[in-house]
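**Q** Before we start, here is the structure in question, set down as structure tokens.
The values are calculated or read from the model by the stated rules, or taken from the named source; none is laboratory data. Given the structure is predicted, the values throughout are model-derived calculations rather than measurements. Ideal geometry is used to build each Cβ from the backbone, glycine not excepted, and the neighbour counts take in all protein chains shown.
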Amino acid sequence: MVDRFRIRAATKGDLEGVAAIERDVFPDPWPASSFVPLLEHDALVAEISGQIAGYLFGRSAADEAEVLNLAVLPEYRRAGLGRRLLETVFDGWEARGVARVYLEVRASNEGALAFYQALGFWPSAVRRGYYSQPKEDALVLTRNLGSGTPK
């Protein structure tokens, strides 16, 4: 299934599809307008037969980067799509000298935690009450980039 999709830069025309996935997978979804300024940073979509099946939005500054939002439609999970989105952005960040990546994830999201830990992330901090609807803590996960870091 991995060969059936392609990763490309997100465009403004993709935001309706991104917002639909956002509403489908998150209990407290971002509105489409929240993604517009992120198009100027690291914005990727995974496309299958012309349909947006997943996306990643991130940004970097100096030697650090942050994954701001990553989602894959439920029917395409466990097919390598999320991994490929992350690997693609990691390659770009590494080429720009990024050494460390951060992201937040709901403390109760065991599936996401297992996914990120399998990709070399580790819990480094807790943000109390970070999420709303429902209110919940976020775990800050960290990953080093560079040689010797598993992908």
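**Q** Condition (residue is over 22 Å from ALA138 (Cα atoms), surrounded by 15 or more Cβ atoms within 10 Å (Cβ to Cβ) and in contact with an Asp or Glu (Cβ under 9 Å, 6 or more places away or on another chain)) applied to the range 26-38: is it met by at least one residue?
**A** The answer is yes; a qualifying residue exists.
This table checks each residue for (1) basic (Lys, Arg); (2) more than 13 Å from the chain's Cα centre (by Cα).
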residue	(1), (2)
PHE5	no, yes
GLY13	no, yes
ARG23	yes, yes
SER34	no, yes
ALA46	no, no
TYR55	no, no
VAL67	no, no
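**Q** Which of the residues spanning the range 18-36 are within 18 Å of ASN109 (Cβ to Cβ), of a type outside the set (Val, Ile, Thr) and either outside any helix (DSSP H, G or I) or touching a Phe, Trp or Tyr at 6+ places or on another chain (Cβ under 7 Å) (or both)?
**A** GLU22, PHE26, PRO27, ASP28, PRO29, TRP30
**Q** What are the residues in the range 29-48 that are out of contact with any helix residue (DSSP H, G or I) (no Cβ under 8 Å at 6 or more places or on another chain) and either free of Cβ contacts under 8 Å to residues at least 40 places away in the same chain or of a type in the set (A, V, I, L, M) (or both), if any?
**A** SER33, SER34, PRO37, LEU38, GLU40, HIS41, ALA43
**Q** Right, something else. Does the range 126-141 hold any residues that are farther than 16 Å from VAL67 by Cα, among the small types (Gly, Ala, Ser) and free of Cβ contacts under 8 Å to residues at least 40 places away in the same chain, and which are they?
**A** Of everything in the range 126-141, just one residue is farther than 16 Å from VAL67 by Cα, among the small types (Gly, Ala, Ser) and free of Cβ contacts under 8 Å to residues at least 40 places away in the same chain, namely GLY129.
**Q** Right, next: If we scan the range 68-79, do we find a residue that is modelled with pLDDT of 95 or more and basic (Lys, Arg)?
**A** No, that holds for no residue.
**Q** Something else: Determine whether the range 89-99 contains at least one residue that is without any contact (Cβ under 8 Å) to a residue 60 or more places away in the chain, among the aromatic types (Phe, Trp, Tyr) and buried (at least 17 other Cβ atoms within 10 Å of the Cβ).
**A** Yes: the range 89-99 contains one or more residues that are without any contact (Cβ under 8 Å) to a residue 60 or more places away in the chain, among the aromatic types (Phe, Trp, Tyr) and buried (at least 17 other Cβ atoms within 10 Å of the Cβ).
**Q** Scan the range 37-52 and give yes if some residue there is assigned to a helix (DSSP H, G or I) and under 24 Å from LYS135 (Cβ atoms), otherwise no.
**A** no
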